[in-house]
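> Right, I'll just put the structure down here and ask away after.
The values are calculated or read from the model by the stated rules, or taken from the named source; none is laboratory data. Keep in mind that what you see is a predicted model, and the values were worked out from it rather than measured. As a convention, Cβ positions derive from the backbone with ideal geometry for all residues, glycine included, and neighbour counts pool all protein chains shown.
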Amino acid sequence: MEHKEFLIQQMNFTKTTNRSFSSGKYYHILLIAKGECYFQLDEASVYCNTETAVFLKPEQKITMTYHHNKYPLELLSIRILPTYLKELSDETCDLEKNFNFIPVTKTMVHLDTRDTTLLKNVSKTIIVLSRTENDFGYQLYEKNMLSILVILFLRSCIASDHVVLSRNRKNLVMDDIFRFIREHLTEDLSLEVFEEQFYVSRYHLCREFKKLTGQTIHSYIVKSRLDLCKKYIEAGKPIKEVYTLGGFGGYNHFFRAFKKEYGMTPKEYYESLTE
């Protein structure tokens, strides 16, 4: 059976629907133009809206679920043969090779508003073009529009990957900071130390830490040291030694922080253990 070089369809759903899509011999892009739905991806049901697209490599299948609501679902299905991607390429850009750089067979791509609008408009332009085959320059116009569509999508994949890497890097840095605090809890943990250790500004660190934990890095360190001091008190260590073992620079600071956190003084806590 001979396959067309590419197929672009606009699909509309207004009723609750389960729909399977098969890429066959094509690379397959499912772009959500309007509404929202769920795709079964890696054994999980993943929510998708107009800021996402789904990409399938050849010989892959995926299931979409749309739950009826006041917003109808509009999908743009874009399928392109690998051989036609070669034809659209030139010596500076191998489009088929770049599609293969996408590491998984099925993936969800995050799009920004500008990319979504461009992809949607170009796709619909190509659909309309199919009705004007006798117009001047039709074939060249169509081919160039399709090249633009493919390049836009690949750029969106790259941008999406950069966002994911950036988020992962932030998580990695924060994990490293938590580990550093645990391993150096009784030492100097000033913001200057974190700046030198992780090559990030104290302002960025404080902002990201508060965003992640809901508390300041100073509060987190104090609470961690208080928890350590409690363990020393429970182990029978003299209170006059506990605050230095826990990393507090002075007794008054330790005393005030302990009472504020636990509602009793260190001595009262020790006495409560012996009652």
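> Can you pull out the strands (runs of 3 or more DSSP E) entirely within region 26-143 that have at least 1 residues that are within 21 Å of the chain's Cα centre (by Cα) and of a type in the set (K, R)?
Where strands (runs of 3 or more DSSP E) fall fully within region 26-143 and carry at least 1 residues being within 21 Å of the chain's Cα centre (by Cα) and of a type in the set (K, R), they are 106-110.
> Yes or no: E187 modelled with pLDDT of 90 or more, more than 30 Å from H110 (Cβ to Cβ) and of a type in the set (D, E)?
Yes; evaluated as a whole, the condition is true for this residue.
> Which of the numbered conditions does I221 fail, given that it passes all the others? Conditions: (1) surrounded by 12 or more Cβ atoms within 10 Å (Cβ to Cβ); (2) part of a loop (DSSP other than H, G, I, E, B); (3) more than 28 Å from the chain's Cα centre (by Cα).
(2)
> Further question: If you go through region 26-59 one residue at a time, how many are of a type outside the set (K, R) and either over 26 Å from K143 (Cβ atoms) or without any contact (Cβ under 8 Å) to a residue 12 or more places away in the chain (or both)?
18
> Somewhere in region 65-74, is a residue crowded, with 16+ Cβ neighbours inside 10 Å, modelled with pLDDT under 90 and not aromatic (F, W, Y)? Give the steps one after another, and end with the answer.
As a first pass, look at region 65-74 and keep what is crowded, with 16+ Cβ neighbours inside 10 Å: 66, 73-74.
Checking the rest, the ones that are also modelled with pLDDT under 90 come to none.
Among the residues of region 65-74, not one is crowded, with 16+ Cβ neighbours inside 10 Å, modelled with pLDDT under 90 and not aromatic (F, W, Y), which makes the answer no.
> As an exercise: evaluate I217 against (1) modelled with pLDDT under 90; (2) within 17 Å of F178 (Cβ to Cβ) and give the number of the one condition it does not meet.
Failed condition: (1).
> Please state which one of I177, I148 is hydrophobic (A, V, I, L, M, F, W, C), farther than 30 Å from G247 by Cβ and modelled with pLDDT of 75 or more.
Of the residues listed, the single one that is hydrophobic (A, V, I, L, M, F, W, C), farther than 30 Å from G247 by Cβ and modelled with pLDDT of 75 or more is I148.
> Here's another thing I want to ask about it. Condition check: surrounded by 20 or more Cβ atoms within 10 Å (Cβ to Cβ), under 23 Å from the mean Cα position of the chain (by Cα), within 17 Å of S123 (Cα to Cα) and among the hydrophobic types (A, V, I, L, M, F, W, C). Does I8 satisfy that?
When the stated conditions are applied, I8 does not pass them.
> Just to check your reading of the model, which residue among S23, S77 is within 27 Å of Y141 (Cα to Cα), of a type outside the set (F, W, Y) and out of contact with any Phe, Trp or Tyr (no Cβ under 8 Å at 6 or more places or on another chain)?
On the way: S77 fails: out of contact with any Phe, Trp or Tyr (no Cβ under 8 Å at 6 or more places or on another chain).
Every option except S23 fails the conditions.
> Then there is this: State which residue is modelled with the lowest pLDDT when the search covers only region 75-91 and only residues that are of a type in the set (S, T, Y) and surrounded by 13 or more Cβ atoms within 10 Å (Cβ to Cβ).
Restricting to residues being of a type in the set (S, T, Y) and surrounded by 13 or more Cβ atoms within 10 Å (Cβ to Cβ), the top hit is S89.
> Would you mind telling me which numbered condition in (1) in a loop (DSSP other than H, G, I, E, B); (2) within 19 Å of Y262 (Cβ to Cβ); (3) touching a helix residue (DSSP H, G or I) at 6+ places or on another chain (Cβ under 6 Å) L226 fails?
Exception for L226: condition (1).
> Turning to a different aspect of this structure: Quick check on this structure: which one of E208, E192, E268 is within 22 Å of M174 (Cα to Cα) and loosely packed, with under 14 Cβ neighbours inside 10 Å?
Exactly one of E208, E192, E268 is within 22 Å of M174 (Cα to Cα) and loosely packed, with under 14 Cβ neighbours inside 10 Å, namely E192.
> Take the residues in region 1-25 that are part of a loop (DSSP other than H, G, I, E, B) and hydroxyl-bearing (S, T, Y); name whichever of them is farthest from F153 (Cα to Cα). Spell out how you get there, then give the answer.
Taking region 1-25 as the starting set, the residues that turn out to be part of a loop (DSSP other than H, G, I, E, B) are 1-5, 14-16, 23-25.
Filter again for hydroxyl-bearing (S, T, Y), leaving 14, 16, 23.
On the way: T14: 27, T16: 28, S23: 17 Å.
Only one residue fits best here, namely T16.
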